[in-house]
Structure formats: structure tokens, C-alpha cells
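Asks: Here it is, the structure in full.
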Amino acid sequence: MRTLTPVTLALLLLAGTASADDLADRAASSRAAAQAFGASLKQALQQAIQAGGPVNGITVCRDMAPTIAATIAKERGLAVVGRTSLHVRNPENAPDDWELDVLQQFAARKAAGEPAEALEHHEIEEHGNAKTFRYMKAIPTAELCLVCHGEQIPPAVKAKLAELYPDDTAVDFKAGDLRGAFTISHPLAGG
């Protein structure tokens, strides 16, 4: 869990944005949403692969993941639940500037020895008068992911990926690598 620095905490409290308890609650609810998204996505992916092989699994990440994310966001009252990466397959999942910065921090922390599953970050992002609570939780590359994202992708999967994603950069991962991150945001009241 990320600990707020004294300066960050003081700025938040002075700005009247959120209390430390409120930030901890928002981080916990965001963490739970990320876990729910990951678990639902994994279950759907496993079922699709069992039913129709690895090529069938591509449709889960492509078509079902946005629906799963939207459902979780609606159920939990969040503005955005999604996935992003430094190496995107679907250009719609490209990181915004804030997400890019956090992903780069995650990559540096992973390179320094932190396990990908331990990486998370949250903060208040401000744009003019608007304030948004932002949260990211790293997605470690699981064995299941390697069929479509690994170094040895089966030819049928490779062909389907090339058809759907001609500019795909989400390949050559190994188990445990930083695949990307779940990203969650919700506007703060009064922001």
C-alpha cells in the first residue's frame, strides 16, 4: 500500500480535498474494484479458452473487458474502471499523461526489485477546479496471459492479433513481468 508523504497529506488537508481516512477508504474501494475487474476478466478468459481455444480468448479482452469494467464502475459509483499499459494492444487503452507517469514509476520500481503484484499508486489529480481521485494497481503477467502476450505465440493467435491489432506492442512478456495496470478514477465532491 502506498503511504502518503507528509507534504502530500498536508497539501490535501490544507486544500480541504480529502481527509487521510477518506483517501484510505477511496484507495481500499479502488483496490477492491481492481480485484473484482481482474477476477471477472480472468474467469471469462478461462471460460472462453476452454470453450474455443486461445483465439477465442482474444474476444474476451477485446469485447468483454470494456463491458466488465463499465459494470464494475456503475455498481461501485466510479467514473472510470479500465486497463492500460506501456505496451498497448488496443489503442483505446493507451495511457493518459498521468497513467503514463505512474506506469513508468511502476516499471522503475519493478526494475529495482519490487514484485509487480505489490505495485499500486493513488493520489488526487487536479485540473483547474476539478479534483479526481486516481488509482492504479499493476497487472503482473500471468501464465494464462502468455498465450497472447508471451514470446511464443501460437500461429493462429498471432494471425488473429495481426488482423485485429496491426500496431500491437503487447508481446514478448514473461510470467511476472509488468503487463500493465488497472486504472480507476472518480471525481471528488466539490472538485
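The values are calculated or read from the model by the stated rules, or taken from the named source; none is laboratory data. Remember, it's a predicted structure, so these values are computed and weren't measured experimentally. Neighbour counts are summed over all protein chains in view; Cβ atoms, including those assigned to glycine, are modelled from backbone coordinates with ideal geometry.
Asks: Please go through (1) over 26 Å from residue 54 (Cα atoms); (2) under 12 Å from the mean Cα position of the chain (by Cα); (3) exposed (fewer than 13 other Cβ atoms within 10 Å of the Cβ); (4) not polar (S, T, N, Q) for residue 102 and return the number of the only condition it doesn't satisfy.
Replies: Residue 102 satisfies all of (1) over 26 Å from residue 54 (Cα atoms); (2) under 12 Å from the mean Cα position of the chain (by Cα); (3) exposed (fewer than 13 other Cβ atoms within 10 Å of the Cβ); (4) not polar (S, T, N, Q) except (3).
Asks: On the basis of being touching a residue at least 40 places away in the same chain (Cβ under 8 Å) and surrounded by fewer than 12 Cβ atoms within 10 Å (Cβ to Cβ), does residue 111 make the cut?
Replies: no
Asks: Considering the stretch 106-139 alone, what residues qualify as being under 20 Å from residue 87 (Cα atoms), in contact with a Lys or Arg (Cβ under 8 Å, 6 or more places away or on another chain) and among the charged types (D, E, K, R)?
Replies: The answer is 120, 137.
Asks: So which residues in the stretch 48-76 are surrounded by fewer than 13 Cβ atoms within 10 Å (Cβ to Cβ) and either among the basic types (Lys, Arg) or touching a helix residue (DSSP H, G or I) at 6+ places or on another chain (Cβ under 8 Å) (or both), if there are any at all?
Replies: 74
Asks: What pairs come out if I take residues in the stretch 39-68 that are free of Cβ contacts under 8 Å to residues at least 12 places away in the same chain and pair them with residues that are assigned to a helix (DSSP H, G or I) whose C-beta lies under 6 Å away, six or more apart or interchain?
Replies: As it stands, the answer is 56/48, since those pairs meet every condition given.
Asks: Within the set of pairs 6 or more residues apart or between chains, which connect a residue that is of a type in the set (Ser, Thr, Tyr) inside the stretch 163-184 to a residue that is in a loop (DSSP other than H, G, I, E, B) with Cβ atoms less than 6 Å apart?
Replies: From the stretch 163-184, the pairs are 165/89; 169/87.
Asks: List the residue pairs whose Cβ atoms are under 8 Å apart, where the first residue sits in the stretch 140-153 and is over 16 Å from residue 86 (Cα atoms) and in contact (Cβ under 8 Å) with a residue 12 or more places away in the chain, the second is among the small types (Gly, Ala, Ser) and surrounded by fewer than 18 Cβ atoms within 10 Å (Cβ to Cβ), and the two are 6 or more positions apart or on different chains.
Replies: 142/175; 143/175; 146/175
Asks: Could you look through the stretch 81-99, keep only residues that are buried (at least 18 other Cβ atoms within 10 Å of the Cβ) and of a type in the set (A, V, I, L, M), and pick out the one that is farthest from residue 172 (Cα to Cα)?
Replies: Going through the qualifying residues, I end up with 81.
Asks: For the stretch 62-82, check the following and say yes or no: at least one residue is farther than 30 Å from residue 189 by Cα, in contact with a Cys (Cβ under 8 Å, 6 or more places away or on another chain) and not small (Gly, Ala, Ser).
Replies: Within the stretch 62-82 (the criterion being farther than 30 Å from residue 189 by Cα, in contact with a Cys (Cβ under 8 Å, 6 or more places away or on another chain) and not small (Gly, Ala, Ser)), the answer is no, since none of the residues qualifies.
Asks: Among (1) of a type in the set (A, V, I, L, M, F, W, C); (2) surrounded by 19 or more Cβ atoms within 10 Å (Cβ to Cβ); (3) within 20 Å of residue 54 (Cβ to Cβ); (4) under 15 Å from the mean Cα position of the chain (by Cα), there is one condition residue 142 misses while meeting the rest; what is its number?
Replies: (2)
Asks: Do we have residue 39 as modelled with pLDDT of 90 or more, within 23 Å of residue 147 (Cβ to Cβ), among the small types (Gly, Ala, Ser) and loosely packed, with under 13 Cβ neighbours inside 10 Å here?
Replies: In short, yes.
Asks: Moving on to the next point. Residues in the stretch 131-168 that are of a type in the set (S, T, N, Q) and closer than 21 Å to residue 42 by Cα: how many?
Replies: Total satisfying the criteria: 2.
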